[in-house]
Amino acid sequence: MTHEVDGITCEVVWATPEAQYLEVITVPPETTVLGALEASGLCDRIDELKNVPLETLKLGIFGEHVKSPANQLVQQEDRIEIYRPLQVDPKQARRARARRKV
């Protein structure tokens, strides 16, 4: 007996300190990470992301950065995370903390 795959189920998430947005979607096999993000429609509903080109967003799967979202295929039950830009450069923050300790 063969089992036909109808699609791949995954989550697309965006989180801020104030809220978390999560969309569970089913996409066809051979869908890329970028394709799943677009299919989720999440960016259209979040003001901060509405006018941002999808190709410029930093994405990850379960906390691991995706280097080429336009080429990497989505796997069953992946959690695609949209990363917010850093508010402070980590190196500058470390230097500021070191100066305060002196």
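The values are calculated or read from the model by the stated rules, or taken from the named source; none is laboratory data. These numbers were taken from a predicted model, which means no experiment stands behind them. Virtual Cβ from ideal backbone geometry, glycine too; neighbours counted across all protein chains shown.
Would you list the strands (runs of 3 or more DSSP E) that sit entirely within the range 1-72 and hold 1 or more residues that are in contact (Cβ under 8 Å) with a residue 40 or more places away in the chain and within 13 Å of ARG84 (Cβ to Cβ)?
Here the list reads 8-15.
What are the residues in the range 73-98 that are free of Cβ contacts under 8 Å to residues at least 12 places away in the same chain and either within 17 Å of THR16 (Cβ to Cβ) or not basic (Lys, Arg) (or both), if any?
Across the range 73-98, the qualifying residues are LEU86, GLN87, VAL88, ASP89, PRO90, GLN92, ALA93, ALA96, ALA98.
Going by the structure shown, is GLN87 modelled with pLDDT of 95 or more and either of a type outside the set (Phe, Trp, Tyr) or over 10 Å from the mean Cα position of the chain (by Cα) (or both)?
no
Quick check on VAL74: is it at pLDDT 90 or above, out of contact with any Lys or Arg (no Cβ under 8 Å at 6 or more places or on another chain) and surrounded by 10 or more Cβ atoms within 10 Å (Cβ to Cβ)?
Taking the combined requirement at face value, the residue satisfies it.
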